[in-house]
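The values are calculated or read from the model by the stated rules, or taken from the named source; none is laboratory data. Since the model is a prediction, treat every value here as computed from it, not as a measurement. Glycine gets a Cβ as well: all are built from the backbone with ideal geometry, and neighbour counts include every protein chain shown. Areas reflect the complete protein model, heavy atoms only, side chains present, ligands, DNA and RNA absent. Shrake-Rupley method; radii C 1.70, N 1.55, O 1.52, S 1.80 Å.
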Amino acid sequence: RRDMADMIMQLDQVVKKGSELWLFNLVPPQERINLLKDEGNKVTLNTVNLTVKNAVGNPIVRRHLKCLEELNWDGSPTGDTITLDEFNSLLILADSAAVKNCTGMQQSDSRCLASLLIMQDIQRELRQEKLQMSPQDKRCENNGIITEILDSRTRTLLKVANCKGYVMSNIIVSSAIAQVAEDRDMNAVIGELLSAKGNNVFIRNIGYFLDLSDKTDIDTNVFSFWDVALQARQFNEIAIGFKAAELSYDMFSSEQMLNPLNKHEKRTWHAGDVIFVIALNRD
């Protein structure tokens, strides 16, 4: 993909030094060097925090996913291997041809969904094996898998597959372009939010802004969203939405969580409620 090098450099800015990025696909390592350079249009990757590791295989073939073997850029094995349960996060990207030509989006989504289901099942097996050997091992918990989706109709299938992490990349890009086309000043705002540095969107616990320690007097926890937003401003943050503790993210759409209606109405806030804010990334 043409944007692969850009994604790697962006990721390099937000991870800790010494992190590893494993690239697993059918492209031989020797060919990846030229592809990452985008036929000479981009410079050679020079990561600071990331170590890029190559593995070759089919992401929809189970035996290829069970254990990844690292290869040098010349294609020779290094002897280093890794299993899916050892990753902190996994990202399934759409097919490059579908992204480039905007065709075959359903086929690309089908491959992403198939890969997702196989990876989830492999993670489940590995987790059960480790739990039998060490029941107290917290590392046996499932690591999140995020998949890129091009066709909005695939969203229904993702709910059936119990996939909570997915990115509708086409919608994000088209929405950003539309906003910039209407108002060029939005380019600075969107660029700030989507870059590794500067202001980002954070999820804060309501206790970050309100003192809910006094459980004897519930009335002390009654505030409007505007009141919470004012408290957020004291921290130089902008409150843009909230979610009640008893409700899951699956039950809400972005329209319900962000820029809520009736901001002036009082409500009782409980521990576990979260506030969505725009704040400066100080890491």
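A count restricted to region 38-75 and to residues that are more than 21 Å from residue 115 (Cβ to Cβ), of a type in the set (S, T, N, Q) and surrounded by 17 or more Cβ atoms within 10 Å (Cβ to Cβ) stands at 0.
Screening residue 150 on (1) modelled with pLDDT of 90 or more; (2) surrounded by 14 or more Cβ atoms within 10 Å (Cβ to Cβ); (3) within 28 Å of residue 105 (Cα to Cα) shows it passes everything except condition (1).
Screening region 248-259 for residues that are at pLDDT below 80 and in a loop (DSSP other than H, G, I, E, B) and picking the one that is surrounded by the most Cβ atoms within 10 Å (Cβ to Cβ) gives 252. Strands (runs of 3 or more DSSP E) fully within region 11-105 that include at least 1 residues being touching a Pro at 6+ places or on another chain (Cβ under 6 Å), without any contact (Cβ under 8 Å) to a residue 40 or more places away in the chain and of a type in the set (S, T, N, Q): 50-56. Scanning region 153-176 for residues that are open to solvent by 60 Å² or more (accessible area, probe 1.4 Å), not polar (S, T, N, Q) and not in a helix (DSSP H, G or I) yields 164, 166.
Between 233, 204, 282, which is modelled with pLDDT of 90 or more and within 27 Å of residue 10 (Cβ to Cβ)? Before the answer, list the steps.
Numbers: 233 fails: within 27 Å of residue 10 (Cβ to Cβ); 282 fails: modelled with pLDDT of 90 or more.
One residue alone meets the criteria, 204.
Exactly one residue among 35, 90 is out of contact with any Asp or Glu (no Cβ under 7 Å at 6 or more places or on another chain) and open to solvent by less than 30 Å² (accessible area, probe 1.4 Å), and that residue is 90.
Pairs linking a residue in region 125-136 that is open to solvent by less than 70 Å² (accessible area, probe 1.4 Å) to a residue that is in a loop (DSSP other than H, G, I, E, B) and at pLDDT 80 or above, with Cβ atoms under 9 Å and 6 or more positions apart or on different chains, are 126/83.
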